[in-house]
Amino acid sequence: MEIGVVGKPNVGKSTFFRASTLGRAEIAGYPFTTVEANRGVAFVRVPEPAAELGVEPNPRNSFTAGGYRFVPVEMIDVAGLVPRAHEGRGLGNRFLDDLRQAGALIHVVDASGGTDEEGNPLKPGEHDPREDVRFLEEEIELWFFGIFKRNWEKLARRVQLAGESFERLFQELFAGLGVREAHVKEALREAGLSPEKPAQWSDEELFAFTRSLRRRAKPIVVAANKVDIPAAEENVRRLRDEFTHARIIPTSAMAELMLRELAQAGAISYIPGEGSFEILSTGSLSARQKKALEIIKKKVLERYGSTGVQQAINVAVLEVLGKIVVFPVEDEHRYCDGEGNVLPDAFLLDRGATPRDLAYRIHTEIGENFIAAIDARTKRKIASDAPLKHLDIVKIVTRK
């Protein structure tokens, strides 16, 4: 699973990516800085169960800080999107192809209104960021429609002549877009369409169906960026008033990037997602950095509670995609693996995942030899088909 970072050029998209991953995405104030997609690892923040259990964790595939576990998730920062990208304008074809495997999209919007529809700089307040949300949703929905339209005759023929299940066939043909059978059923219901005779659907009906499908297969979280600029505050309210179906998160990617880089350098103490920081070494900060930290504190953290970057990632993964975090262990009494590492791994799973699903996620061989599972907190057996809960700690029992 990947999280796609999307948006028009010059809105802080690559800054958001770097702040999330501390990766090396080129940053500059002109359109199409990002040409090739940047890939990195971001992290979902959840409570660290070791604190509750009174043990010291030894994370391997994740890390712990400030009482939280940070669990990895892949992130991709793609080329900036401009109007008519679905027709190939700008870097549209490359942009859209890069998003095929993204489970959810974080749309970075210049909430200050300081960039036009092409990503060229304007004075703050001269552009309405609501137009950017409208156009990006429309571009992705037209892209979806175009893909399905090209394959519709083939699908309709197999459904109506060969009697194949519309939902199952649709999922089979378009699994590369992250489409699931459940998405198809929900979209059919919302669009009020019957799957028995898809050849008789009009283009308007097909578009209504694919638009509903996009909202399920590629849900969008809006990161209303550059909230440190005064014009952004009113625009955030406008975005929330109009797009009631979306999650709008006030964000300052530049603030988050600076805080993380200074924390990495040892100049400040900062936990991603927190609403404060502590200066550890004033001597290591320049006058410009001290001034910037004052602005971040007053205009971002005190006003919005955080920079919004970590919140956007958490909302996309845990709320919009409905993922849960589960900790597998080999010893349910000491909460450790076979080498004594305490709570070494944390995995993101689909909501509704079972112990058997977890076993296969750890390793195919473990899944094939699965016998049972034990809740490490209660020491009770978990049914193999019972849905796991968020932050469960689970021992998998296998055939020797």
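Values computed for the structure shown
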quantity: Stretch gain in nm, segment residue 234-residue 383, where the contour uses 0.36 nm per residue and the Cα spacing is subtracted; calculated: 48.5 nm
quantity: Residue 189 versus residue 286: modelled label distance in nm, points set 7 Å from Cα along the beta carbon direction; calculated: 5.7
quantity: Inter-label distance for residue 56 and residue 130, nm, one decimal - labels placed 7 Å from Cα along Cα-to-Cβ; calculated: 5.6
quantity: Taking N as its residue count, the alpha carbon Rg of the stretch 108-250 over 2.2 N^0.38 Å; calculated: 1.29
quantity: Amide H within-cut-off set for residue 106, under 5 Å, with H built and near neighbours excluded; calculated: 4, 5, 6, 221
quantity: Residues whose placed amide H lies under 5 Å from that of residue 329, excluding near-sequence neighbours; calculated: 394, 395, 396
quantity: Selection from 317, 183, 222 lying farthest towards where the dipole of the chain points positive, charges on Cβ; calculated: 317
quantity: Added length on full extension, which subtracts the Cα-Cα distance from 0.36 nm per residue, residue 350 to residue 399; calculated: 15.1 nm
quantity: Rh (Kirkwood; distinct C-alpha pairs) - the stretch 323-398, Å; calculated: 11.9
quantity: Protection proxy ranking of 219-228, 157-166 - average other beta-carbon atoms within 10 Å, highest first; calculated: 219-228, 157-166
quantity: Sorted peptide list for 299-311, 332-344, criterion being average Cβ within 10 angstrom, highest first; calculated: 299-311, 332-344
quantity: Bridge type composition, the chain - antiparallel percent by DSSP, nearest 5; calculated: 60
quantity: Residue 202-residue 101 FRET efficiency (beta carbon distance; Förster radius 41 Å; 0.05 resolution); calculated: 0.85
quantity: Long-range amide H partners of residue 388 with built H, under 5 Å; calculated: 352, 353, 354
quantity: Total formal charge among the other residues, if their Cβ is under 13 angstrom from that of residue 154, Lys/Arg +1 and Asp/Glu -1; calculated: +1
quantity: Karplus-derived 3J(HN,Hα), 6.51/-1.76/1.60, for each residue of the stretch 365-378, Hz, glycine and proline x; calculated: 5, 5, x, 5, 9, 4, 10, 7, 9, 10, 6, 5, 6, 9
quantity: Inverse mean reciprocal Cα-Cα distance (Kirkwood Rh) of the chain, Å; calculated: 22.9
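FYI, it's all coordinate maths here, none of it is from the lab. What you see is a predicted model, and the numbers here were worked out from it, not measured in a lab. No Cβ is skipped: glycine too gets one built from the backbone with ideal geometry, and neighbour counts run over all protein chains shown.
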